[in-house]
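Colleague: Here it is, the structure in full.
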Amino acid sequence: MATYTAPGVYVEEVPSSQKVLASAPTAVAAFVGFTERAPLDDPNDPEGLAPRLVTSWTQFEQLFGSFVAGAVLPLSVFGFFQNGGSLAYIVRVPNSAPAGEPAQRALPAADRSLGLPLTVTSVAPDANITVVVETVEADPDSEGPAPFTLTIVLDGEDVESYPDLTFGGPRDAATVINKTSTHVKVELSLESDVDLGSQLELLKPGMFSLHKADPVAVPVTGRKFAGSESSRSGINGLAIAEDVTMVVVPDLVTAATREDGSVDLNLWKAVQTALIAHCELHPNRMALLDAPPGMGPQQIKEWRSETAMYDSAFATLYYPWIKVENPIGLNGDAEVYIPPSGHVAGVWARTDDTRGVWKAPANDTIRGVLDVERAITQNEQSLLNPIGINCIRPFGTRGIRIWGARTLASDTDWQYINVRRLFNMVESTIMDGTQWAVFEPNDVTLWEGVSRTLSGYLHGLWQAGALFGASAAQAYYVKCDATTNTPESIDAGKLIVEVGLAPVKPAEFVIFRISQTKQSAA
């Protein structure tokens with residue numbers, strides 16, 4: 001308390017004993033797997049193994065490259081953003097070996113309809129080269145496309161830079177670069193009917209890797225996927241990304257597929273078990289697991305019950321795989337089947353944004369999906385749903401939808417995804433939002449302040465529809481008084497608060513009881 005010695009008027013600021021809690025983020029995904037190249041943004045992490053946050057597909061391409069044969073992660077990340085996701089951490093697992101030949105990369109146009117106007121080829125085999133394209137805003141009064149700068153980065157260092165390049169003219173890109181560069185050769189591949197006078201920006205800005213490697217040429221073990229918290233690698237490296245709430249490992253199939261095409265189910269289970277353990281140690285996040293490929297309903301039921309035997313409220317399993325468009329240049333196929341987890345994570349994020357984390361992320365369409373690996377019937381799902389296998393099913397004109405919302409928990413209190421995620425959000429919010437109470441005097445004033453803070457937050461959740469009950473008293477309670485804080489606990493430095501929630505649960509089975517009414521004579 002301040003001491004006053006001179007007469008006058010004084011103003012004091014008194015801190016409020018009630019704080020406002022803001023819900024913790026719930027739609028932050030993490031993807032662990034293979035990418036085209038390692039990011040070059042951190043000199044302290046030259047291999048690019050630590051988690052990197054990306055907020056769009058464009059940013060992912062700039063850091064990790066684009067679609068590439070032998071990697072499912074880019075397709076999954078693209079599906080995540082396509083379905084409504086906006087925040088994702090990428091954890092690269094090293095899996096490639098030098099190919100022993102020059103690398104080539106066609107650089108895309110800013111306007112996708114123009115295709116790939118510039119092809120860059122490395123002079124030396126296995127050169128770790130990245131091409132950086134930077135464009136400047138074109139003068140509206142000038143003709144032709146905007147000039148661009150092309151920089152050659154070798155092993156993370158700028159070795160050549162060519163400013164003010166154009167297509168044709170005295171600063172023609174192919175002419176200037178091929179005349180002086182000792183690291184790359186350039187070839188123009190514009191269509192003959194392209195009107196350069198109408199294009200203000202021809203090349204797409206960004207970073208494009210020329211490092212050519214054979215994907216999965218190096219055996220990838222379960223330990224590589226699990227990684228290490230201390231080295232900031234793999235699944236366990238996500239410990240530093242405290243806001244992650246969903247974890248996906250789409251490239252498990254890439255590593256587990258043997259040369260004869262069979263799948264190593266031991267590796268499959270080892271990696272998924274490590275992922276579940278990680279999520280249980282960091283209980284603000286959940287694992288989105290993919291079923292092994294090629295299994296029928298009976299096979300996946302037996303694998304789930306007799307081989308996998310997972311039992312966790314922090315994990316979910318989706319089946320079957322989904323068919324998506326295969327980007328140009330990948331294996332020559334127009335379509336490809338991939339694990340659904342990345343697209344499903346995007347649906348989770350979209351549901352959180354439009355409805356709230358308390359809404360089950362089910363009975364919603366998955367964007368960008370052409371078909372499913374196999375159509376599941378109602379009777380087949382009746383065998384899979386009770387053991388926590390969430391099916392993805394086509395419904396004709398209603399599209400392809402997620403038709404399940406269960407965790408892999410045997411405890412019925414936690415059998416629904418939205419219930420577990422609601423508690424994850426509330427617990428994270430309380431933990432982060434009540435740090436102000438640490439070292440405060442443990443008395444009635446503190447008890448009442450904490451109670452008001454939590455009650456205000458939970459009342460808002462109830463009004464938003466997250467809690468069940470016709471009244472606030474039925475939906476939640478907060479207890480912080482002399483009964484929870486005994487003299488013994490106070491002496492031990494503990495403040496104990498009891499919080500009870502009545503979560504809303506999904507209407508998984510909608511039943512209408514219809515009977516025939518007989519008319520009788522008056």
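Colleague: Have a look at Thr5, Thr35 and point out the one that is buried (at least 21 other Cβ atoms within 10 Å of the Cβ) and in a loop (DSSP other than H, G, I, E, B).
Modeller: Within the list Thr5, Thr35, the selection yields Thr35.
Colleague: Quickly run through segment 179-194 and pick out the residues that are closer than 16 Å to Arg105 by Cβ, at pLDDT 85 or above and among the polar types (S, T, N, Q).
Modeller: Ser181
Colleague: Collect the residues in segment 430-456 that are out of contact with any helix residue (DSSP H, G or I) (no Cβ under 7 Å at 6 or more places or on another chain) and among the hydroxyl-bearing types (Ser, Thr, Tyr), keeping them in residue-number order.
Modeller: Hits for segment 430-456 are Thr445, Ser451, Thr453, Ser455.
Colleague: When segment 245-254 is examined, which residues are found to be surrounded by 24 or more Cβ atoms within 10 Å (Cβ to Cβ) and not charged (D, E, K, R)?
Modeller: Thr245, Met246, Val247, Val248, Val249, Pro250, Leu252
Colleague: For segment 233-352, please list each of the strands (runs of 3 or more DSSP E) lying entirely inside it that holds at least 3 residues being out of contact with any helix residue (DSSP H, G or I) (no Cβ under 6 Å at 6 or more places or on another chain) and in contact (Cβ under 8 Å) with a residue 12 or more places away in the chain.
Modeller: 322-325, 335-338
Colleague: Just give me the residues in segment 385-400 being within 22 Å of Gln299 (Cα to Cα) and either under 26 Å from the mean Cα position of the chain (by Cα) or basic (Lys, Arg) (or both), in sequence order.
Modeller: Once the filter is applied, which keeps residues that are within 22 Å of Gln299 (Cα to Cα) and either under 26 Å from the mean Cα position of the chain (by Cα) or basic (Lys, Arg) (or both), segment 385-400 yields Asn385, Ile387, Gly388, Ile389, Asn390, Cys391, Ile392, Arg393, Pro394.
Colleague: Given the options Asn442, Asn424, name the one that is touching a strand residue (DSSP E or B) at 6+ places or on another chain (Cβ under 8 Å), at negative phi and of a type outside the set (A, V, I, L, M).
Modeller: Asn424
Listed here are the residues, each with its yes/no results for (1) within 30 Å of Ser428 (Cβ to Cβ); (2) among the polar types (S, T, N, Q); (3) touching a helix residue (DSSP H, G or I) at 6+ places or on another chain (Cβ under 8 Å).
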| residue | (1), (2), (3) |
| --- | --- |
| Ala375 | no, no, no |
| Glu380 | no, no, yes |
| Asn385 | yes, yes, no |
| Cys391 | yes, no, yes |
| Thr397 | no, yes, no |
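Colleague: Identify all residues within segment 422-468 that are within 20 Å of Lys505 (Cα to Cα), in contact (Cβ under 8 Å) with a residue 12 or more places away in the chain and surrounded by fewer than 16 Cβ atoms within 10 Å (Cβ to Cβ); write none if there are none.
Modeller: Glu427, His459, Ala464, Gly465, Phe468
Colleague: A further question follows. Restricting attention to segment 474-522, and to residues there that are free of Cβ contacts under 8 Å to residues at least 24 places away in the same chain, out of contact with any strand residue (DSSP E or B) (no Cβ under 8 Å at 6 or more places or on another chain) and β-branched (Val, Ile, Thr), which single residue is surrounded by the most Cβ atoms within 10 Å (Cβ to Cβ)?
Modeller: Within segment 474-522, the match that is surrounded by the most Cβ atoms within 10 Å (Cβ to Cβ) is Ile496.
Colleague: Only residues that are in a loop (DSSP other than H, G, I, E, B) and touching a strand residue (DSSP E or B) at 6+ places or on another chain (Cβ under 8 Å): list them for segment 13-32, please.
Modeller: Residues satisfying the conditions are Pro25, Ala27.
Colleague: Across segment 440-472, what is the total count of residues that are in a loop (DSSP other than H, G, I, E, B) and in contact with a Phe, Trp or Tyr (Cβ under 6 Å, 6 or more places away or on another chain)?
Modeller: 1
Colleague: Let me ask something additional. Collect the residues in segment 400-424 that are under 16 Å from Pro386 (Cα atoms), part of a helix (DSSP H, G or I) and of a type in the set (D, E, K, R), keeping them in residue-number order.
Modeller: Asp413
Colleague: If Leu75 meets every condition in (1) aliphatic (A, V, I, L, M); (2) in contact (Cβ under 8 Å) with a residue 60 or more places away in the chain; (3) assigned to a loop (DSSP other than H, G, I, E, B) apart from one, which number is that one?
Modeller: It fails just one condition, (3).
Colleague: Give me the pairs: first residue in segment 150-172 and closer than 20 Å to Ala109 by Cβ, second residue among the aromatic types (Phe, Trp, Tyr) and part of a strand (DSSP E or B), beta-carbon distance under 7 Å, and six or more apart or on different chains, which are they?
Modeller: So the pair list comes out as Leu150/Tyr162; Leu165/Phe148.
Colleague: Could I ask something else about it? Of the numbered conditions (1) out of contact with any Leu (no Cβ under 9 Å at 6 or more places or on another chain); (2) under 21 Å from Gly399 (Cα atoms), Gly296 satisfies every one except a single condition; which is it?
Modeller: Every listed condition holds for Gly296 apart from (2).
Colleague: Say we look at segment 101-134 and pick out the residues that are acidic (Asp, Glu) and farther than 17 Å from Pro327 by Cα; which of these is modelled with the highest pLDDT?
Modeller: Going through the qualifying residues, I end up with Glu134.
Colleague: Follow-up question, since we're still on this one. Quick one: Phe225 ticks every box in (1) part of a helix (DSSP H, G or I); (2) modelled with pLDDT of 90 or more bar one, so which box is it?
Modeller: (2)
Colleague: Given the condition closer than 30 Å to Val14 by Cα and in a helix (DSSP H, G or I), answer yes or no: does some residue in segment 490-500 qualify?
Modeller: Taking every residue of segment 490-500 in turn, at least one turns out to be closer than 30 Å to Val14 by Cα and in a helix (DSSP H, G or I).
The values are calculated or read from the model by the stated rules, or taken from the named source; none is laboratory data. Treat the numbers as computed from the prediction; the structure is a model and nothing was measured. Positions of Cβ are backbone-derived with ideal geometry, glycine not excepted, and every protein chain shown enters the neighbour counts.
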